Amino acid sequence: MVKVATIAGSDASGGAGLEADLKTFEEYGVYGMTAVTLIATMDPDNNWAHGVFPIDEKTLKAQLETVFKGVGVTAAKSGMLGTFYAVELVREYISTYKIKNYVLDPVMVCKGNDEALNPELNQSVAEKLLPLANVVTPNLFEAGQLSGIKEILSVEQMKEAAKIIAEKGAANVFIKGGSKLLDASEAVDLLYDGKSFELIKDRLIKTNWVHGAGCTVSAAIAAGLARGISVYDAVILAKKFISQSLNGSFALNKWVGPGNPANWRKNNLFS
Ligand code: PXL
């Protein structure tokens, strides 16, 4: 059995974070494991305001020992880390266990929670984790932060950002969410392997319910790599996977709606 670990936050509402990752791993037929970095909650009495409850260092390390030393992984992804010690522990375990298939999702804020942005923490992620990443999966905002190009408005700027991020050590840079570019009528994403650019265009799926989409994409890439396909093929498959997931997106309540990774298999028991 191919084993994949996610080192990420838990989203109590189930749509993003490690919950999205595990749902995705299941669809890819890989065995999923978790090291929980924090728990994110949402307050129904305060307009779904996010709370973030970090897991203490000792508890996080004990989970990493379980997963990396006790079991072993073929691929790993990291998502929301939340603390400096979580960044350092990810660095330690990915390098000690020589994980080649490491996908870094540089989550900086949850949607609608911009005040949580922590530039020093993002700097630490860039310095310690980019050099270990086989694939880094920033959205436009995160690519802007990692590259120092504050606002990315064009495909040319996406390419510039990808180059800068690759120079900081990531083997492959996949910038997602290009549908937010000024002139985008399609979903435009960019893959850069340090040598050439691949613009990956797809039909834009019109939905407001995109909670967890970024988590799902990076989990899908990690699972694809674990199954032994190339970075390029893993990215293309992840794009197909997220499109299916967003085709099945739905409202959880008046504030939020996730994609549905299980929409991939149309013939599930109750469809
Ligand atoms: O979608 C980003 C994200 C990642 N990880 C966790 C989250 C969120 C957004 O809510 O809660 C745990």
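Restricting to the range 160-191, name every residue that is at pLDDT 95 or above and aliphatic (A, V, I, L, M). Correct list: Ala161, Ala162, Ile164, Ile165, Ala166, Ala170, Ala171, Val173, Ile175, Leu190, Leu191.
Lys206 passes every criterion in (1) open to solvent by 10 Å² or more (accessible area, probe 1.4 Å); (2) not in a loop (DSSP other than H, G, I, E, B) apart from (2). A single member of Val103, Val87 is assigned to a helix (DSSP H, G or I), under 21 Å from Leu146 (Cβ atoms), among the β-branched types (Val, Ile, Thr) and at pLDDT 95 or above, and it is Val87. Considering the range 56-84, the residues that are without any contact (Cβ under 8 Å) to a residue 24 or more places away in the chain and either under 19 Å from the mean Cα position of the chain (by Cα) or open to solvent by less than 70 Å² (accessible area, probe 1.4 Å) (or both) include one that is farthest from Gly212 (Cα to Cα), namely Gly70.
Of all the listed residues (Lys98, Lys69), the sole one being out of contact with any strand residue (DSSP E or B) (no Cβ under 9 Å at 6 or more places or on another chain), under 27 Å from Ala226 (Cα atoms) and part of a loop (DSSP other than H, G, I, E, B) is Lys98.
One residue alone among Ile94, Ile99 is touching a residue at least 12 places away in the same chain (Cβ under 8 Å) and in contact with a Phe, Trp or Tyr (Cβ under 7 Å, 6 or more places away or on another chain), and that residue is Ile94. For the range 109-136, enumerate the residues that are within 16 Å of the ligand (Cβ to nearest atom), modelled with pLDDT of 95 or more and of a type in the set (Val, Ile, Thr). Within the range 109-136, Val125, Val136 meet the criteria. Can you name every residue in the range 129-184 that is polar (S, T, N, Q) and open to solvent by 10 Å² or more (accessible area, probe 1.4 Å)? Across the range 129-184, the qualifying residues are Asn134, Asn139, Gln145, Ser147, Ser154, Gln157, Asn172, Ser179.
With respect to the conditions (1) surrounded by 14 or more Cβ atoms within 10 Å (Cβ to Cβ); (2) more than 16 Å from the ligand (Cβ to nearest atom); (3) polar (S, T, N, Q), Thr96 lacks only one, and its number is (1).
Restricting attention to the range 1-12 and to residues that are open to solvent by less than 30 Å² (accessible area, probe 1.4 Å) and within 13 Å of the ligand (Cβ to nearest atom), the residue that is nearest to His211 (Cα to Cα) turns out to be Asp11.
Residues of the range 13-37 that are open to solvent by 10 Å² or more (accessible area, probe 1.4 Å), more than 8 Å from the ligand (Cβ to nearest atom) and in contact with a Ser or Thr (Cβ under 6 Å, 6 or more places away or on another chain): Thr34, Val36.
Is the range 43-50 home to any residue that is assigned to a strand (DSSP E or B), open to solvent by less than 20 Å² (accessible area, probe 1.4 Å), modelled with pLDDT of 95 or more and within 15 Å of the ligand (Cβ to nearest atom)? The answer is no, given that none of the residues of the range 43-50 is assigned to a strand (DSSP E or B), open to solvent by less than 20 Å² (accessible area, probe 1.4 Å), modelled with pLDDT of 95 or more and within 15 Å of the ligand (Cβ to nearest atom).
The values are calculated or read from the model by the stated rules, or taken from the named source; none is laboratory data. Fair warning: this is a prediction, and the values are worked out from it, not measured in the lab. Note: ideal-geometry Cβ built from the backbone for every residue, glycine included; neighbour counts use all protein chains shown. When the accessible area is computed, the model is the full protein with side chains, heavy atoms only, and any ligands, DNA or RNA have been set aside. Shrake-Rupley method; radii C 1.70, N 1.55, O 1.52, S 1.80 Å.
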